[in-house]
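Please treat every number below as a calculation from the coordinates, not as lab data. What you are looking at is a predicted structure, and each value in this text was computed from that prediction instead of being measured. Ideal geometry is used to build each Cβ from the backbone, glycine not excepted, and the neighbour counts take in all protein chains shown.
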Amino acid sequence: MKIHRITPQKYALDLSGTGAKLYGGRWNRVGVPLLYTSENLSLVVLENIVHIQNPAFLPIYQAITIQIPDSIQEYFIDDFPANWLTQDGFEGLRKITDDFVKTQDFLAMKVPSAIIQDEHNVLINPLHPLFKEIEIVKKQNFSFDQRLFTR
């Protein structure tokens, strides 16, 4: 499966999940490494935009395409707490991810995006034995169209 990621250029080749481990996120608590990616490059753009606080000072970004083995567990909205879209629901989502990482049954988990629920993010466990088989197959410079930030 090919998946996509956009990240500041200095982190483009770092697939370790260190950023998520240091800061946590919707799907993981601090201390748990996780590599956040998406099925579609356009969804990655949206997933990044919701976290950009000041578009006037953006670093240079890279878009990367990653090939991963077909070891993916799919989750559905019915698997999540009713409040999964709110910050109050993060703890329930993090429990799901904790269990996923601990069992090591799959390399990645496919989850609905909180932004567009019919599209999916793919969260990769860098601690899984199959992680060594993932490969960056494309890397290119990426600039956010400034019209995305015009209000």
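Gain on full extension, evaluated as 0.36 nm per residue between residue 14 and residue 65 minus their Cα-Cα distance, stands at 17.1 nm. In terms of distances greater than 22 angstrom between alpha carbons, the cross-link table entries 2/95; 110/132; 21/138; 10/95; 2/138 yield 2/95; 21/138; 10/95. Selection among 20, 130, 81 by position relative to the dipole of the chain gives 20 as farthest towards the positive end (Cβ unit charges, Cα centre).
Charged neighbours of residue 39, selected by a Cβ distance under 13 Å, balance to -1 (K, R count +1; D, E count -1).
Placing +1 on the Cβ of each Lys and Arg and -1 on the Cβ of each Asp and Glu in region 31-101, which of 52, 69, 31 has its Cα farthest towards the positive end of the resulting dipole? Working it through, the farthest residue towards the positive pole turns out to be 52.
Dividing the mean sequence gap of close Cα pairs (under 8 Å, 6+ apart) by how many residues region 16-74 holds gives a relative contact order of 20 percent. Largest GNM mean-square fluctuation across 122, 50, 30, computed for the chain with C-alpha springs under 10 Å, falls on 50. Springs join every pair of Cα atoms under 10 Å in this Gaussian network model of the chain, and among 123, 58, 107 the largest mean-square fluctuation is at 58.
Here region 71-116 and region 5-39 have alpha carbon centers that stand 15 Å from each other.
Entry note, region 8-136: relative contact order of 32 percent, from Cα contacts under 8 Å with a spacing of 6+ residues.
With 0.36 nm allotted per residue and the present C-alpha distance subtracted, the residue 137-residue 104 stretch has 9.4 nm of extension available. Structure remark: mean-square fluctuation, Gaussian network model of the chain, C-alpha springs under 10 Å; the largest value among 106, 76, 131 belongs to 76. Each of (1) 0.95; (2) 0.92; (3) 1.16 is a candidate for Rg/Rh (Cα atoms, Kirkwood Rh); the one calculated from this structure is (1). Summarising the label geometry, the points placed 7 Å from Cα in the beta-carbon direction at residue 116 and residue 76 lie 2.2 nm from one another. Here the dipole of the chain is about 640 debye; that uses its Cα centre as origin and unit charges on the Cβ of Lys and Arg (positive) and Asp and Glu (negative).
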